[in-house]
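Chemist: The structure under discussion is supplied below as structure tokens; questions concerning it will follow.
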Ligand code: S3P
């Protein structure tokens with residue numbers, strides 16, 4: 001993907017619970033840019049929680065909404081920070097779109113880190129299963145190479161606090177102090 005066709009946004013990708021939303025907010029304060037969370041945009045447009053969309057309309061409907069939203073983000077001219085849903089890069093069509101949306105930062109986390117963070121979470125439909133630990137491990141195994149392919153920068157988040165991760169993101173963006 002040539003740099004010329006890239007939009008000017010900052011795009012955070014990574015597994016559920018990797019910190020995309022919270023780091024997006026911190027980054028937005030730091031860079032004085034607005035931040036958008038694609039899950040939240042979809043929830044507000046559909047007037048339903050993600051878990052309700054999955055239950056009532058199915059995952060493929062949700063994935064279609066994600067792709068439509070990526071086209072919108074790609075075609076908007078203003079600079080923003082976007083936190084994408086953890087599964088967005090999995091759809092082949094989305095991968096080149098994501099690259100075109102802006103500078104892509106992958107927050108990479110180990111399965112153990114994610115499990116500790118999400119073991120009591122009830123909002124992620126894909127993890128409401130008998131063995132969420134195994135599900136997280138297998139999804140990360142499949143997705144990690146995809147995230148890496150889409151990313152301009154990869155940041156390992158395990159064992160780091162949010163300030164440290166924020167500094168690393170800012171350095172990647174050439175905004176470090
Ligand atoms: C999903 C991640 C979620 C949300 C949906 C599916 C996934 O977003 O889009 O539950 O497939 O990994 P977060 O990564 O913001 O939790």
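Chemist: When the Kirkwood hydrodynamic radius is evaluated over all pairs of different C-alpha atoms of the chain, what value in angstrom, to one decimal, is obtained?
Modeler: It works out to 16.5 Å.
Chemist: Label points 7 Å out from Cα along the Cβ direction at residue 149 and residue 79: separation in nm?
Modeler: 3.0
Chemist: Radius of gyration and Dmax for the stretch 121-161's Cα atoms, expressed in Å?
Modeler: 12.6, 35
Chemist: So what's the gap between the Cα centers of the stretch 1-47 and the stretch 86-153, to the nearest angstrom?
Modeler: With the stretch 1-47 and the stretch 86-153 each reduced to a Cα centre, they are spaced 14 Å.
Chemist: Calculated from DSSP H runs of 4 or more alone, at -39500 (n - 2.57) each and per residue, what is the 222 nm mean residue ellipticity of the chain, nearest 500? Don't skip to the answer; put the middle values down first.
Modeler: Numbers: 8 runs with 94 residues, N = 177.
Theoretical 222 nm ellipticity from helices: -16500 deg cm²/dmol.
Chemist: Starting from the Cα of residue 59, step 7 Å toward the Cβ, then list every residue of the stretch 82-103 with an amide N under 15 Å from that point.
Modeler: 85-92
Chemist: While we're on this one: Before anything else, pin down the relative contact order of the stretch 1-92: Cα pairs under 8 Å, at least 6 apart, normalised by residue count, whole percent.
Modeler: 51
Chemist: Continuing with the same structure: Please compute the contact order of the chain in relative form: average sequence separation of alpha-carbon pairs under 8 Å and at least six residues apart, divided by the residue count, as a percent. All intermediate terms of the calculation are to be shown ahead of the outcome.
Modeler: Details: 248 pairs, mean separation 57.0, N = 177.
RCO, the chain: 32 percent.
Chemist: Further question: Given R₀ = 35 Å, FRET efficiency for residue 96-residue 29 by Cβ-Cβ distance, to 0.05?
Modeler: Efficiency for this residue pair is about 0.70.
Chemist: Next question, about the same structure. Pull out the extension gain between residue 133 and residue 72, defined as 0.36 nm times the separation in residues minus the alpha carbon to alpha carbon distance; nm, one decimal.
Modeler: 18.5 nm
Here, each number is a calculation from the coordinates, and none is a lab measurement. As the structure is a prediction and not an experimental result, all values here were calculated from the model. We place every Cβ from the backbone using ideal geometry, glycine too, and count neighbours over all the protein chains shown.
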